[in-house]
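The values are calculated or read from the model by the stated rules, or taken from the named source; none is laboratory data. A quick note: this is a predicted structure, and the numbers were derived from the prediction, not measured. Here the Cβ is made from the backbone with ideal geometry for all residues, glycine too, and neighbour counts use every protein chain on show.
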Amino acid sequence: MAHIHKKMKKGRPYYYVRETARVDGKPRVVNQVYLGSPERLLEMATFTGNIERLQVQEYGSLLLADLIEKEIGFAGIVDEVVGRDEKKTVPSIGEYFLYAVYNRMIDARSKRALPEWYKNTAIQHIRPVRAESLSSRHYWRMWERIDENGLRQVAEKLFSKLAAYRKISSECFLFDTTNYYTYMASDSESELARRGKNKEGKNWLRQVGVALLVSRDEKLPLYYQEYEGNRHDSKLFFNILDSVVAAMRNRVGTQAGLTIVLDKGMNSEDNMAILDSYNDIHFITTYSTYYAEELIQVKADRFRVVETEKNRRLAELGREDDRLSAWRTTGEYWGRKRTVVVTYNPLTATKQRYNFEKKLLRIQDSLFVMQDNVRRQKPHWRSKEQVQLRYEEVCAQLHLPDDLYTVELSQDQTRLHMNFRKNHYRINRYIDRFGKNILITDNMDWPTDDIVRASLDRYIVEEAFRQSKDDDLVSLMPLRHWTDSKIRCHILTCIVALAYLRILQIRLAEAGVAITASKAMDSMRTLHSCLVWQPRKRNPQRLIEEPDKLQAQILKAFGLKIKGGVLQDA
């Protein structure tokens, strides 16, 4: 049963609610809740049933974002570069960036929607600001005060701060590119927004490209570059290669034995020549199987299982046949002898074979329709050239070569005839590529397993890009900005949000909380604070709701806890 229990400490009474029960036949205290001093009890008694008004605000997620900012100080970096206005009536430029970063970390909204969003949060308690001052009009005015060079300086200082904060130890870096579409009108002037091959398939829209360099061990972004949407990856890499290498050296603080992991889109004679000119920089890149058929025709008995975490899990599940394997050789590429590793993934091969068979059936169905049109001598189906062109278009739409079927077109004195059959030799050669990937590196002394694992870790930067395209967190795309200067500011904001979310995940992992930053933010969004207005009291009282188990673990990772509705040091 429950009862009030009094304890005397230094002559003052303190009260508890105790719940007792019989355990093993003896009365024991099974639960105890601290109530406070007599004054606190009087306040609680007065408080009960005398609430004039309540206001519930989103608290936990904003608290997390602000805790990361206090450790990094991004707003201060911006103000250091741009300068802070002496008038304190409005936020500084750095604070404008920061409020946008917070929103991107939690629930990405347009600048027009920011004031309303912040009104429902505890921002006045965490980092006070007039929500009305965060309108899109104010953002455009403030962001006009920082130019491209200023943004470069801010990014450089930020990445240096991140490298020092986490003590970057990785000697391997991951580099990749992506693009983000925008609904910018065709007649709007822009050097960045151009039409190109969009990775979401929206080739009719203008797009902006972003290149990203990430440390392999810490998974932190340490360099980025926005670029024109129609520029090829290899040409971009050629232009920024010196900057990328400088970033790698500066972040680690060493010039010995650094490796950059690339995608095959960056391969070119010029780029590899530049990489070879650096004595301290090595590379691991992928290579197209279309240009090295001799490498993928190797018999399966030459492949050896690679030591990876996923392979270990598959072995524990009794799925040894699904494990990734590889074989190693050497070859001359880009004018020098390189190490070549060919990997084979049975799971990927199975998926590719399944999709390939479906596409082959679609080609066959199209060929039957074409054959019928030719037989019936329909208009536009009486010319060899036109029929052959239509067959090639069908293959191109399915991203398949046009030699998988042999199409025979013959013309006699009266009409055109068409026959077709599968080219089993070319089909089998094409199937041999499934599940296989070619890696080329100048790290001649690296073990095969290390080369494969480093290449597999390219998923880290790809994962960052996927996060940047998430509808809720970061949400760099679609770009709803119509000038290059605002696009650059928006991209920097999203890169900072990515970095902060990564730091959050690192902090949680170090505390033994193995969840993603996205899940942490989702959980903390449900931790609210409540403003309580009581009669005859001018200022409201702020209380924080009781955290659940996961929320308590997240707070503990930052050395905090909530007790009696108040945030305290753990």
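In region 421-511, counting only helices (runs of 4 or more DSSP H) that sit wholly within it, the ones holding 1 or more residues that are basic (Lys, Arg) and in contact with a helix residue (DSSP H, G or I) (Cβ under 8 Å, 6 or more places away or on another chain) span 424-431, 484-510.
Among the residues of region 400-419, those identified as assigned to a loop (DSSP other than H, G, I, E, B) and either closer than 19 Å to His380 by Cβ or without any contact (Cβ under 8 Å) to a residue 24 or more places away in the chain (or both) are Asp402, Asp403, Asp412, Gln413, Thr414, Arg415. The requirement of being closer than 26 Å to Glu332 by Cβ and within 22 Å of the chain's Cα centre (by Cα) is fulfilled somewhere in region 237-244, by at least one residue. What about Arg390, is it at negative phi, surrounded by fewer than 14 Cβ atoms within 10 Å (Cβ to Cβ) and out of contact with any strand residue (DSSP E or B) (no Cβ under 6 Å at 6 or more places or on another chain)? Criteria not met by Arg390.
Of Ala108, Ala75, all but one fail to be modelled with pLDDT of 75 or more, assigned to a loop (DSSP other than H, G, I, E, B) and surrounded by 11 or more Cβ atoms within 10 Å (Cβ to Cβ); the exception is Ala108. Remark: pairs (first residue in region 369-383, in a helix (DSSP H, G or I); second residue exposed (fewer than 14 other Cβ atoms within 10 Å of the Cβ); Cβ separation under 6 Å; 6+ apart in sequence or on different chains) are absent. With respect to the stated conditions, Arg141 is on the phi < 0 side of the Ramachandran plot, assigned to a helix (DSSP H, G or I), of a type in the set (Lys, Arg) and free of Cβ contacts under 8 Å to residues at least 60 places away in the same chain.
Quick check on my filter: what residues within region 331-349 are exposed (fewer than 13 other Cβ atoms within 10 Å of the Cβ) and either in a helix (DSSP H, G or I) or of a type outside the set (D, E, K, R) (or both)?
Gly335
Quick check: is even one residue across region 540-548 surrounded by fewer than 18 Cβ atoms within 10 Å (Cβ to Cβ), farther than 23 Å from Asp569 by Cβ, over 20 Å from the mean Cα position of the chain (by Cα) and of a type outside the set (Asp, Glu)? Looking for residues that are surrounded by fewer than 18 Cβ atoms within 10 Å (Cβ to Cβ), farther than 23 Å from Asp569 by Cβ, over 20 Å from the mean Cα position of the chain (by Cα) and of a type outside the set (Asp, Glu), one finds at least one in region 540-548, hence yes. Within region 527-570, the residues that satisfy the criterion of being at pLDDT 85 or above and part of a loop (DSSP other than H, G, I, E, B) are Leu527, Glu545, Glu546, Pro547, Asp548, Phe558, Gly559. The set of residues in region 114-141 that are in contact with a helix residue (DSSP H, G or I) (Cβ under 7 Å, 6 or more places away or on another chain), within 25 Å of Val82 (Cα to Cα) and among the polar types (S, T, N, Q) comprises Ser135, Ser136. Of the residues examined, Thr177 is one that is surrounded by 16 or more Cβ atoms within 10 Å (Cβ to Cβ) and either of a type in the set (Val, Ile, Thr) or on the phi > 0 side of the Ramachandran plot (or both).
Being among the aliphatic types (A, V, I, L, M), out of contact with any strand residue (DSSP E or B) (no Cβ under 9 Å at 6 or more places or on another chain) and closer than 17 Å to Asp403 by Cα is the filter here, so list the residues in region 343-386 that pass it.
Leu361
For first residues located in region 343-357 and over 23 Å from Val306 (Cα atoms), partners that are part of a helix (DSSP H, G or I) and lie 6+ apart or on another chain with Cβ distances below 9 Å form the pairs Phe356/Ile427; Phe356/Tyr430; Phe356/Ile431. Considering (1) over 18 Å from Tyr500 (Cβ atoms); (2) touching a residue at least 60 places away in the same chain (Cβ under 8 Å), the lone condition that Arg152 does not fulfil carries the number (2). Of all residues in region 476-492, none satisfies being surrounded by 20 or more Cβ atoms within 10 Å (Cβ to Cβ), outside the structural domain of Leu404 (by TED's automatic domain parsing), farther than 30 Å from Ile363 by Cβ and small (Gly, Ala, Ser).
Total residues in region 520-570 satisfying the condition of being more than 18 Å from Gln505 (Cα to Cα), basic (Lys, Arg) and in contact (Cβ under 8 Å) with a residue 24 or more places away in the chain: the figure is 1.
For Ala122, indicate whether it is farther than 30 Å from Leu258 by Cα, small (Gly, Ala, Ser), buried (at least 16 other Cβ atoms within 10 Å of the Cβ) and touching a residue at least 60 places away in the same chain (Cβ under 8 Å).
yes
Return the total of residues in region 188-233 being surrounded by fewer than 17 Cβ atoms within 10 Å (Cβ to Cβ) and on the phi > 0 side of the Ramachandran plot. Summing the residues that are surrounded by fewer than 17 Cβ atoms within 10 Å (Cβ to Cβ) and on the phi > 0 side of the Ramachandran plot in region 188-233 gives 1. State whether the residues of region 295-305 include one that is free of Cβ contacts under 8 Å to residues at least 24 places away in the same chain, under 30 Å from Leu347 (Cβ atoms) and outside any strand (DSSP E or B). Within region 295-305, one or more residues are free of Cβ contacts under 8 Å to residues at least 24 places away in the same chain, under 30 Å from Leu347 (Cβ atoms) and outside any strand (DSSP E or B).
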